[in-house]
Amino acid sequence: MRQRKVKNLEEKYAKYEEFLVYHPEACKGNWQERVRKAGCTGLYLEVGCGKGKFISEMAERHPENFYIAVEGNRSVLLRAMEKIREKGLTNVVFVPDFIVDLTDWFRDEEVDGIYLNFSDPLPKNYSAKKRLTHRSKLVQYERILKDDGIVTFKTDNTGLFEFTIQEILANDMKIHELTRDLHHCEYNEDNIMTEYEAKFSTLGENIKRVKFGRREGRKKMADTSFAAYNGRTVPKEDKIFGISGRAKAAIAAKGKENVINATIGALLDDEGKLIVLSSVDEAVKSLTPAEYAEYAPIAGTPAFKEAIVKAALGDYQPKGYVGVVASPGGTGSLRNAIANYSCPGDKFLTHDWHWTTYKNIAMEMGRDEETFDMFDAKGNFNLEDFEYKVNKLLRIQDRLVIIINTPANNPTGYSLSDEDWDGVIRVLNSTDPAKKVALVADVAYIDFAGDEKEVRSFLPKLEELNSNILPILAYSASKTFTFYGCRCAATICLAKTEEVRDEFVRVLSFSARASWSNCPRGPQEVIAKIYNNPELLARVDEERAGFRNMLLSRGHAFEEEAAKVGLKMVPFRGGFFCSVPCEDPDAVSKKLEEVDVFVVPFTKGVRVSIASISEAKCRKLPKLILEALEA
Ligand code: PLP
C-alpha cells in the first residue's frame, strides 16, 4: 500500500532533530560514543524500520541496547519518531535514508546485530541485486557485524525467503535458527510483531524467520580459499582414510599378522582379502559389451527396477504404490532423498550413532543435521528423545527427513526391534498431518543383519503410517552383492497414493539427471540376470548366507570376549560393525595405534569393523580396547 505524503514534512522533521542522524558516515567508527552516552552497551541496526512498531518495542524491552533505525520513506519515518517520543525513549536514533553501502556508515565489527523486517521482495529477477539479502549486501553485514553478531531476517514472502537462504549459503554464513512458521513455533517467544506482520499473518500467511551470522574462522578461510564454501566445512583429510592409510603402512612394515586393521567397511576374509561372491563374479564376467557400455535409463533399466525391488522387499508385497529410482550406491539414494524432501536451511534428523557421511551430504546441499540419542540409560532404543526431536523440528519446519539406519546400524550393529518400530510409527502418526515427513530407512546392511525374513519384519508396519509420512528405503547393492565399487543401489518409496509415487519417481529422476545423470548399466544388468535365473539367485543367496554366518560369528566372538573382560559395548545384532562407547574416542583410537590396532573414532565411541578382521582378531580386541580405555 502506498503511503500518503505527509504535508510540511521539513517543518515536522525539525521537531525531531534529537533523533535524526543525517550524516551517518560522519559517525563511522565513533558510534560507541553515542552508545555510551545513552547508557547502553549493545549497538543494533534495523534496515527499513517502517512505522517503527518493532524498533520502539525493542528499544523499550532492551534499554541496555542502542538502536539505529534506517528508513528511506520520510513520511513513514515520521510515525516511527512519534512512537519513540511518546514512549520517552532515548536509546534510538533514525537515519532518514536508503542504504547503499553500510561499510560507509560503520567500521568493521562495529555492530552487534542487524534486523531486516519484511523487506521489499522485489520479485522481478532483474531486481535481485537490489534486495536487502542479496549476497552483495550480506558481505556488508558480515563486515560491520561483530564476530558473534546476528542478522535477523523476517518475511511473509516465500520467494524472498528461499532466495535469502541460498544467498546466506552462497556467502558461507552460518544459519543459527530458521523457521518457516514463526507464529506456531517456540522461536515465537522473542518475536515482536511489526504492523505489516500483524496484518498479513491474520490473512493466513506463514511468517518465516532466519537468524544468521559469520561462520567461525571464516575470515581466515575466505582469505586463503579459491573455492566457494557454500555452507560446508571441508576437512583437510578424511579421518577414516587417514587412519586406514596408517594401518596399511603398519602392515607393510610389520606384517599383517601383527596389525589389526578394523577400519575397513568391506567384507574381508581372514587373510584380509576382499570377499566377492563367486556367483556375482560369474554374472559380471558374462556381460556383453552392449550390456555394460550402453547408457541406462535415468531411473534404471526396467529389469533392474523389478529385480532390485524383489531384493529389497523379499517376500513382502506392499499394498500401496512402489516407486523405484536407481542411484549410484546408497549414498546417492540418501543424497536425493534429502534433496527432494527437505528445503535448504532445514535440518534432517538421525540418531547420534550414525554414519558421518549423512552430515556431509546435508551440508553439501545447505541442510544441517539434528540428532536424537539412539539409546537411553538402560541401552534401549530411546523413543522418548526421538519423539522430542521430531516434535521440536516439526515446530520450526514444514518438512522433515528422518534417516534411521537399521538393521545392523553403522557403527553399532544395532537393529530396531519390532517394538522399537511400533514406537517410531506411533510417534510419527501423532505429528501434525499438515507437515510432510520422509522416513528414510537406510537398509545398507540388511542382507548381513540376520535371518532374511526376520530383518524385513518391519516393512509391513510402514503401511500403518499416516499419509503425511512417506516411507523410503535406501537399498544399496554395495554390501548385498559385494559390489562396492560398482555404484549400484535404488531408492524405493512405499507410497499411499499413485500421485505421491509418480511424483517421487519424477523428482528423484530429475535430481539424478542434475547430479550424476544415469547410473552404471553393467551392475544393473548383473542384478537383473541374477533375479531372472532362479538357480543363480539360489547360489548368490547361499553364498551370502555363508558369509553372513561368518560375520555373525565374528561379532559374537567380540561380544563374548567383551563380556569376559568387562568391556561395555553398544548392543550388537549383526552387520559389519560393533562399537564401544567412550568419553574421548580420538584419544582411545590414538592409544590403540600405539599397539598397532586401528579403529575409527566416532562422536560417542570407537567403531570396530568386524567385517575386515578374523574371528581370532575379534577375540583379541576387547582386552586391548579396555587397556586403551583404562590408559
Ligand atoms: N549407509 C550406510 C550406513 C553406510 O555405511 C554406507 C556405506 O558404507 C552406505 C549407506 C552407502 O554405501 P554405498 O554408497 O556404497 O551403497
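The values are calculated or read from the model by the stated rules, or taken from the named source; none is laboratory data. Not measured: the values here are computed from a predicted model. In this analysis, Cβ positions are derived from the backbone assuming ideal geometry, glycine residues included, and neighbour counts consider all displayed protein chains. With ligands, DNA and RNA removed, areas are computed over all heavy atoms of the protein, side chains included. Shrake-Rupley method; radii C 1.70, N 1.55, O 1.52, S 1.80 Å.
Measuring against 24 Å, Cα to Cα, the residue pairs Lys453/Lys564; Lys208/Lys436; Lys254/Lys604 contain Lys453/Lys564; Lys254/Lys604 as the ones spanning a longer distance. Shape summary of the stretch 257-348, radius of gyration then Dmax from alpha carbon positions: 18.3, 54 Å. Mind running the shape call on the stretch 555-623? Use the C-alpha gyration tensor, a ≥ b ≥ c as the square roots of the eigenvalues: rounded below 1.5 for a/c, prolate if a/b tops b/c, oblate otherwise. Rounded.
Please state the shape class of the stretch 389-511: rounded when a/c is under 1.5, otherwise prolate if a/b exceeds b/c and oblate if not, all from the C-alpha gyration tensor. Oblate, since a/c reaches 1.5 and b/c is not below a/b. Working note: Cα atoms of the stretch 399-444, range along each principal axis, descending, whole Å: 35, 20, 12. Size descriptors for the stretch 476-631, from the alpha-carbon set: Rg then Dmax equal 20.6, 59 Å. Computed over protein heavy atoms with a 1.4 Å probe, the accessible surface of the stretch 466-549 works out to 41 Å² per residue. Is the C-alpha gyration tensor of the stretch 227-286 telling us rounded, prolate or oblate? Criteria: a/c under 1.5 is rounded; beyond that, a/b larger than b/c is prolate, otherwise oblate. Oblate is the answer for the stretch 227-286, as a/c is 1.5 or above yet b/c matches or exceeds a/b.
Expressed as a fraction of 2.2 N^0.38 Å, the value expected for a compact globular protein of N residues, the C-alpha radius of gyration of the stretch 1-116 is 1.00.
A cut-off under 10 angstrom between Cβ atoms defines the neighbours of Glu282, and their net charge, with Lys, Arg +1 and Asp, Glu -1, is +2. Note on Val276 and Lys248: with the Förster distance fixed at 25 Å, the Cβ-Cβ geometry gives a FRET efficiency of about 0.80.
Normalising the Debye intensity of the stretch 411-468 to I(0), with uniform scatterers on Cα atoms only, and taking log10 at q = 0.16, 0.18, 0.21, 0.22 Å⁻¹ returns -0.56, -0.69, -0.88, -0.94. Estimated translational diffusion coefficient (Stokes-Einstein, Kirkwood radius over Cα pairs, 4 °C, 1.567 mPa s) of the chain: 47 µm² per second. Of the GluC sites (Glu not before Pro) found in the stretch 586-631, the ones in coil according to DSSP and having at most 16 other Cβ atoms within 10 Å of their Cβ are Glu594. What is the extension gain from Asp97 to Gln32, computed as 0.36 nm multiplied by their sequence separation minus the C-alpha to C-alpha distance, in nm to one decimal? Length gained, Asp97 through Gln32: 21.3 nm. For the residue pairs Lys137/Lys236; Lys236/Lys389; Lys435/Lys496; Lys146/Lys239, alpha carbon separations beyond 23 Å are given by Lys137/Lys236; Lys236/Lys389; Lys146/Lys239.
Note on the chain: antiparallel DSSP beta bridges, both residues inside, total approximately 45 percent of the bridges counted. Remark: the stretch 77-224 projects, on average over all directions, an area of 10.2 nm² (convex hull of Cα atoms). The orientation-averaged projected area of the convex hull spanned by the Cα atoms of the stretch 301-430 comes to 9.0 nm². Distance from the alpha carbon centroid of the stretch 375-433 to that of the stretch 452-501 works out to 17 angstrom. Counted by Cβ distance under 10 Å from Arg79, the other residues give a net charge of 0, where Lys and Arg count +1 and Asp and Glu count -1. The convex hull around the C-alpha trace of the stretch 191-338, projected and averaged over every direction, spans 19.8 square nanometres.
When DSSP beta bridges are restricted to pairs lying wholly in the stretch 419-576, around 45% turn out antiparallel. Computed extension length for Leu268-Val507: 82.3 nm, one decimal, from 0.36 nm per residue of separation with the Cα-Cα distance subtracted. Between the C-alpha center of the stretch 533-556 and that of the stretch 74-88 there is a gap of 78 Å. Between Asp104 and Tyr292, the simple spin-label model (points 7 angstrom out along Cα→Cβ) gives 6.5 nm.
For the pair Glu535 and Asn188 in one chain, pulling the backbone fully straight at 0.36 nm per residue adds 118.7 nm over the alpha carbon distance. FRET efficiency for the Lys15 to Arg61 pair, using the beta carbon distance and R₀ = 22 Å, is estimated at 0.30.
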